[in-house]
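What follows is a set of notes on a single structure, which appears directly below.
What follows draws every value from the coordinates through simple rules; no lab data is involved. Quick caveat, the model's predicted, so the values are computed rather than measured. Please note: Cβ atoms are built from the backbone with ideal geometry, for glycine as well, and neighbour counts cover all protein chains shown.
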Amino acid sequence: MKIAVGSTNPAKIKAVETGFKLREINVSVIPLKVPSDVSEQPFSDEETIKGAINRAENCLKGLDVQIGIGLEGGVTETPFGLCVCIWGALIEKGQPPIIGGGARFLLPEEIAVRLRNGEELGPVMDDFSQKKNVRKKEGAIGIFTNGNVTRDEMFLHVMKILIGQYEYGKI
């Protein structure tokens, strides 16, 4: 089965590949740079979900693939502070989107302030951690959990939800 994932980010690609491998589903994963058609820094669950759906839909345009997958990271305000949120969408050609979300955690206020002022989490985390390409490696969650949870693991959890719903729908 051919699957396109709407990202060239190694953490997202690894999550997709691992998710299907764990279920012993043989797939060929094609990474694509496609637009999310939302803000560079999605700022709500709704916008983050829409970005995931758009990425999945954009994967299906003009390609010979059975499934498009979109994984999108964003942030959302809560009464307790700004949280990271992640959402995913799996779309089989001709079917409605399957949607699933994953882990959340509060960002330190010094990071949240910068995001509220219009900056994007990836570059802010590079600056904060004095590392390069944090978004392609451990992610903010890896930094703030001291490596206990990494970005690809966080997206793998979403992939397990999406694949499980996909399998359930085939019963």
Exercise for the section: Return the sequence-ordered ³J(HN,Hα) values of segment 100-111 in whole Hz as given by the Karplus equation 6.51 cos²θ - 1.76 cosθ + 1.60 applied to θ = phi - 60°, using x for Gly and Pro. Expected result: x, x, x, 4, 10, 7, 6, 8, x, 4, 5, 7
Exercise for the section: Compute the length gained on full extension between D127 and D45: take 0.36 nm times their separation in residues and subtract their Cα-Cα distance, giving the result in nm to one decimal. Expected result: 27.0 nm
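For the chain, give the magnitude of the charge dipole about the Cα centre (Cβ charges: +1 Lys/Arg, -1 Asp/Glu; no others), in debye to the nearest 20. Show your work: numbers first, answer last.
Working: 21 positive and 22 negative charges, 119 e Å.
That gives the chain a dipole magnitude of about 580 debye.
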Fill in the blank from the handout: Computed over segment 34-171, the relative contact order (Cα-Cα under 8 Å, seq sep at least six) in percent reads 18
Exercise for the section: Determine the gain in length on full extension of the stretch E119-Q165; use 0.36 nm per residue of separation and subtract their C-alpha separation, reporting nm with one decimal. Expected result: 13.1 nm
Handout entry: Among [x] 37, 15, 14; [y] 25, 20, 15; [z] 27, 16, 15, the entry that matches semi-axes √(5λ) of the Cα gyration tensor in Å as calculated here
Key = [z]
Exercise for the section: Place a label point 7 angstrom from the Cα of E110 along the Cα-to-Cβ direction, then list the residues of segment 122-138 whose backbone nitrogen is under 16 Å away. Expected result: 124-131
